[in-house]
Amino acid sequence: MVAGPEASGLTLPARGLVPGPPAPVDARDAFLRAFAVEACDRLMVRDGGDGATPEDVIDVVFGYGSAPDAPGRVLAARLGARYVPVAVPGRLEAAAAGHSRLPPVPVRPLPRVCLFGPESTGKSTLGLALAGHFDTVMAPEYGRLYTETFGQDCGAEDLARIVIGHRAGTRASGRWARRLLIEDTDPVLTAVWSDVLTGGRAPFFDRLGDPADLYLLTGIDVPFEADGIRYFPSEAARRDFHARCRAELVRRDLPFVEVTGDPATRLAAAVRAITARFPDLGP
């Protein structure tokens, strides 16, 4: 699976809190626990709601929801901790198949396919279609969740937290994946975002290890859809970002296939590319 952030010099929070019962009660709770295990050095799980007092030394609180009144966010504020939002993988419930136990980490690394490209180019749509086709899960895009929660003004520290969130979500999603893991973006794409948003990148971005096994670079031949979170609607900006994405993959010598066209055409091309690279997956 994905190497820990320490390989890039990123530092995990020392102590995290997951509010709620000690045993997961559904797939979402199990995933929240798995994400938290991957995203901090020491994890506390409290019985009966939050169960924490301001005297507890808690660095981060994990929870669902980006709204200001999200329960985990409210609890984090009360404890003087940082709130870490968590998004569940696409098709998690289907993969959980009615059980809530935390699956083990795969003994052997699974092939990973990453959706890569500018915003509003159909990455999530294609990723979910691929997850359905291969009966697996799609690790969600952490950067989007982060900006939904904390705003679009991202500096170097925010981008580092997004990388840690990406990796925690990917490692946790791998517990539910079957034969193949789909990733909706990854830290390599966050490096491109760092260049665009801040004019540069922290050194750890060039030390990123363990990339995906195949990248699907989505084309800009689809209309831009504004949703209040996206940054660059102009055609020139989209062309520039797409060129940066392609250049980043080439510079890192990462295997990629460009996918364009309508959703059905993209899905067919992506399936062909994946099965060509991983013949054991079948058609």
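Applying the selection to segment 205-218, what residues are over 15 Å from the mean Cα position of the chain (by Cα) and either surrounded by fewer than 18 Cβ atoms within 10 Å (Cβ to Cβ) or not hydrophobic (A, V, I, L, M, F, W, C) (or both)?
Within segment 205-218, D206, R207, G209, D213, T218 meet the criteria.
Using the structure shown, decide if Y231 is of a type in the set (S, T, Y), out of contact with any strand residue (DSSP E or B) (no Cβ under 6 Å at 6 or more places or on another chain), surrounded by 13 or more Cβ atoms within 10 Å (Cβ to Cβ) and not in a helix (DSSP H, G or I).
yes
Condition check ((1) more than 17 Å from Y142 (Cα to Cα); (2) touching an Asp or Glu at 6+ places or on another chain (Cβ under 8 Å); (3) free of Cβ contacts under 8 Å to residues at least 40 places away in the same chain) across all residues:
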position: V163; (1), (2), (3): no, no, no
position: A168; (1), (2), (3): no, yes, no
position: G174; (1), (2), (3): no, no, no
position: I182; (1), (2), (3): no, no, no
position: V188; (1), (2), (3): no, yes, no
position: F204; (1), (2), (3): yes, no, no
position: G209; (1), (2), (3): yes, no, no
position: D213; (1), (2), (3): yes, no, no
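Return the residues of segment 93-128 that are at negative phi and in contact with a Ser or Thr (Cβ under 8 Å, 6 or more places away or on another chain); say none if nothing qualifies.
Scanning segment 93-128 gives A95, R112, C114, L115, F116, P118, T121, K123, L126.
Only one of (1) part of a helix (DSSP H, G or I); (2) within 27 Å of R28 (Cβ to Cβ); (3) modelled with pLDDT of 95 or more is not met by S194, so which one is it?
The failed condition is (2).
Under the condition of being of a type in the set (K, R) and in contact with a helix residue (DSSP H, G or I) (Cβ under 6 Å, 6 or more places away or on another chain), which residue from segment 234-277 is surrounded by the most Cβ atoms within 10 Å (Cβ to Cβ)?
R266
Could you list, in sequence order, all residues of segment 148-177 that are in a helix (DSSP H, G or I), more than 13 Å from the chain's Cα centre (by Cα) and under 16 Å from V88 (Cα atoms)?
Within segment 148-177, E148, T149 meet the criteria.
The values are calculated or read from the model by the stated rules, or taken from the named source; none is laboratory data. As the structure is a computational prediction, the values presented were derived from the model and not from experiment. Using ideal geometry, Cβ is built from the backbone for each residue, glycine included, and neighbour counts are taken over all protein chains shown.
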